[in-house]
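Where a number appears in this text, it was derived from the coordinates with a stated rule and is not lab data. Keep in mind the model is a prediction, meaning the values are calculated, not measured. Note: ideal-geometry Cβ built from the backbone for every residue, glycine included; neighbour counts use all protein chains shown.
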Amino acid sequence: MPAAPRARPTDLFTPEEWAPFQTRRGWVGPLLVLHCWGVIGLAMAAGILWPILIPVCVMIIGTRQLGLAILMHEAAHGGLSTNGKLNDFLGHWLCAVPVGASLSAYRPYHLSHHRFAQQPEDPDLILSAPFPVSPASLRRKIIRDLTGQTFFKQRVLLPLAAMRGAKAAPATPGSSRAPRGSPTTNDHDYEAIVTGRSILPFLLVNLALLVAMTLAGFWWAYFALWLLPMATWFPMVTRLRNIAEHACVEGSATDPFRTARTTLARWWERAFIAPYWVNFHAEHHLFMHVPCWKLPRLHRAVRGKPQGARMEVADGYLTVLRTASRGESLR
């Protein structure tokens, strides 16, 4: 069971060059969580005051729901706080549970992904293995997301199956993984595995949100400005994130500088697709304990070294989608 290839900081940097990436500030992570909920709150308020803005608000809120999942990911690496208990509290109750995930379930799953990234044992290989796909296949996946079909599968069918005692059986990388294009890879099996372990807390938190909005006199806002983004835009941008991170990156199983892709997101992509520096995924896989807010600086530092030329870097998410649906190389 070989582990993924690794790079060491000393392979690229002097101790002085690496020192800034080793420090953590305890207040930044909580501030990011506050920022994420603040953006959600402001977008909800805008949608309530000016209903004509609801379509834009749905996109903003859905992206920040992904932002909560990203900050849960940061907590899985211990990056939200230098205090372990606070890190886990923020990551679980304020980030994971509201979007139906569980930090305790996600952490071992995700760390296994880092250990075996793009190897047969990588549990996330089911997300990248089916690509490239045809443009028609990609359109169907995005339509399923935007029409709520992916959400229905994850949030309704999976809990019903769990209550009946049934077990989901996604393709297992490294053993009998389904071939490219198999239906078992179509609808975020990875999220289904993780979110399926947090059904009751997810329902309770969402009930509390509904009660709070009802008491405030805006019961409909829960459905239009929280549930609708979660059922449509959130699954779609989660899919785009998953595609961008690992799909169609050649040499990823043998070269640590090609384990993942970095996408140079424009301002509108950061606002509507990729918040909290999630687009710097190649750097995250190289040095996973560097806090997310330092990844842009790490990107510049790595690209300034000869080894950085080997990294897979896309100039935007549209470029990634063209690659994932046509198999065009970015190199």
What helices (runs of 4 or more DSSP H) lie completely within segment 1-77 and have 1 or more residues being within 16 Å of the chain's Cα centre (by Cα) and closer than 28 Å to Asp122 by Cα? 54-76
Do we find that Pro55 is free of Cβ contacts under 8 Å to residues at least 24 places away in the same chain, closer than 18 Å to Phe234 by Cα and not acidic (Asp, Glu) in this structure? yes
Anything in segment 78-111 that is farther than 28 Å from Glu121 by Cβ and among the hydrophobic types (A, V, I, L, M, F, W, C)? List them, or say none. Leu86, Phe89, Leu90, Trp93, Leu94, Val97
For segment 95-157, which fully contained helices (runs of 4 or more DSSP H) count at least 3 residues that are over 15 Å from Ser252 (Cα atoms)? 103-115, 135-146, 149-152
Leading residue by the ranking (nearest to the chain's Cα centre (by Cα)) among those in segment 102-122 that are charged (D, E, K, R) and over 24 Å from Asp88 (Cβ atoms): Asp122
Hey, could you check segment 82-114 for residues that are crowded, with 18+ Cβ neighbours inside 10 Å and among the hydrophobic types (A, V, I, L, M, F, W, C) and say which is farthest from Ala208 (Cα to Cα)? Leu103
When Arg266 is evaluated against the numbered criteria (1) touching a helix residue (DSSP H, G or I) at 6+ places or on another chain (Cβ under 7 Å); (2) touching a residue at least 40 places away in the same chain (Cβ under 8 Å), which criterion, by number, is the only one it fails? (1)
Of all residues in segment 9-24 being surrounded by 11 or more Cβ atoms within 10 Å (Cβ to Cβ) and of a type in the set (D, E, K, R), which is farthest from Pro291 (Cα to Cα)? Asp11
